[in-house]
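Taken together, the values in this text are just the output of simple stated rules run on the coordinates, not laboratory data. Everything numeric in this text was worked out from a predicted model, so none of it was measured. Reconstructed Cβ throughout: ideal geometry from the backbone, glycine too, with neighbour counts over all protein chains shown.
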Amino acid sequence: MSQENILEVRGLKKYFEAGRPSLFSRNVPQVHAVDGVNLDLRKSEVIALVGESGCGKSTLSLLLMGLEDPTEGRITFEGRDITHLTDTQRKGLRRKIQMVFQDPYESLNPTQTIEEIVAEPLYVHKLDVSKNIVDEKVKKAMEDAGLKPAEVYLKRHPHELSGGQRQRVVIASALVLEPEIILADEPVSMLDVSIRAEIINLLAELRITRQIAVIFITHDLGSVGFFADRVAVMYLGRIVEIGTMLDVLEKPQHPYTKALLSVIPVPNPRLRHERIILQGETPNPINLPTGCRFHPRCPVAIPACKASDPALMQISKTQQAACILLVK
Ligand code: SF4
């Protein structure tokens, strides 16, 4: 494992059984939700994981959290193989890798006070700390999450807070365990546009003040531009392009990335460019297309794309000319 990497993912796959064998085949149909993902995350790095719904980005985050068992592949955290752990080992790890979910309305218990919600992870993880230390950690986590002064919010209930404040409570209950990594799954998609930038700025601050690495999962490439170090673009269970934020936003290589970028609204009409509207639906992840799995929708596909899969590095010279791939 590289000294720099806090997390390494190699050849990660997750297939779900979908139905029963047919009369003509004994094979059980499988959804290829995550299908051979490689990813490195460095300390206090922010990676934006971008793709349409159903591309496998949320399943990938569940695998990283240990909430799903991989079908194949390896996950290493701080040099330790964490692919298959017992429940007890997994519990220790969850302190280090925390998740922030999309919906702050659903993820908070309405009967608890904010103080109880933020303190709960400390009790769940049976951290042997006194009440004074719990109080101190709760206040620090709340204030680092932007709920300042903490005393104003401690005795309130979730329904007394705005959407943005609730998402800050969710982030505070992740921070209270002092994690190394936060997996933020569409953390701003349920919030008003005016609040989104505040939550994104907060995550950007935490990577500096607490040295936390963030995997920011989103379907909206436009929302990550200014704060991610690197952008990884997923399509049908695979990362099809990864690079620095500037490289991906300014010099996208993959036709899918180009299409995603082309539909981001641009306020200045002079800077508007041609929109690339992809034809058809995302293919069924049970019956994946042959060759490059993007070929049924790719605006620059050539016949060879039906046979050669660039992710397996079998791409031909003519195919390379059509599509300047690929993963760095
Ligand atoms: Fe498009 Fe072919 Fe490149 Fe796939 S390999 S992205 S189908 S040009």
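Only the Cβ atoms of Lys and Arg (+1) and of Asp and Glu (-1) were treated as charged; on that basis the dipole of segment 169-311 about its Cα centre amounts to roughly 580 debye.
This ranking places Val138, Val31, Val118 by how few other beta-carbon atoms lie within 10 Å of each, fewest first, which gives Val31, Val138, Val118. Using θ = phi - 60° in the Karplus curve 6.51 cos²θ - 1.76 cosθ + 1.60, the 3J(HN,Hα) couplings for segment 255-265 round to x, 5, 4, 4, 5, 4, 5, 5, 9, 6, x Hz; x is entered for Gly and Pro. Magnitude of the charge dipole for the chain, about its Cα centre and with charges confined to Cβ atoms of Lys, Arg (+1) and Asp, Glu (-1), is about 700 debye. Distant-in-sequence amide contacts of Val46, defined by a placed amide H-H separation under 5 Å and a gap of 5 or more residues or a different chain, comprise Val214, Asp229, Arg230. Under the classification rounded if a/c is under 1.5, otherwise prolate if a/b is larger than b/c and oblate if not, where does segment 53-205 fall, given a ≥ b ≥ c as square roots of the Cα gyration tensor eigenvalues? Oblate shape, in that a/c is at least 1.5 and b/c is the bigger or equal ratio. Overall shape: oblate for segment 188-243, with the ratio a/c of the largest to smallest alpha carbon gyration tensor axis at 1.5 or above and b/c at least equal to a/b. Using the Stokes-Einstein relation with a Kirkwood hydrodynamic radius computed over Cα pairs, the translational diffusion coefficient of the chain at 20 °C and a viscosity of 1.002 mPa s comes to 101 µm²/s.
The alpha carbon gyration tensor of segment 128-198 gives principal lengths a ≥ b ≥ c with a/c of 1.5 or higher and a/b no greater than b/c, which makes the shape oblate.
Model label points for Glu4 and Gln211, set 7 angstrom from Cα along the Cα-to-Cβ axis, are 1.7 nm apart. Relative to the longest principal axis of the Cα atoms of the chain, helix 193-209 runs at roughly 80 degrees. The amide H of Thr83, built 1.01 Å from its N in the peptide plane, has Ile75 as neighbours under 5 Å, considering only residues 5 or more places off or on other chains. The residue list Leu183, Val9, Leu62 was ranked by how far each Cα lies along the charge dipole of the chain toward its positive end, using unit charges on Cβ atoms, and Val9 comes out on top.
With the charge dipole of segment 212-259 set up from +1 on Lys and Arg Cβ and -1 on Asp and Glu Cβ about the Cα centre, the Cα lying farthest toward the positive end among the listed residues His254, Ile212, Leu236 is that of Leu236.
Taking the Cα centre of segment 169-226 as origin, sum charge times position over the Cβ atoms of Lys and Arg (+1) and Asp and Glu (-1), and report the length of that vector in debye to the nearest 20. Don't jump to the answer; show the numbers that get you there.
Working: 3 positive and 8 negative charges, 25 e Å.
So the dipole magnitude of segment 169-226 works out to roughly 120 debye.
One chain, two ends: Lys96 and Asn132. Fully extended at 0.36 nm per residue, the span grows by 10.7 nm beyond their Cα-Cα distance. Between the amide H of Leu108 and any residue lying 5 or more places away or on another chain, no distance stays under 5 Å, with hydrogens modeled in the peptide plane. Taken one residue at a time, the phi angles of segment 32-38 give Karplus couplings (6.51, -1.76, 1.60, θ = phi - 60°) of 8, 6, 10, 9, x, 8, 10 Hz. Gly and Pro are set to x.
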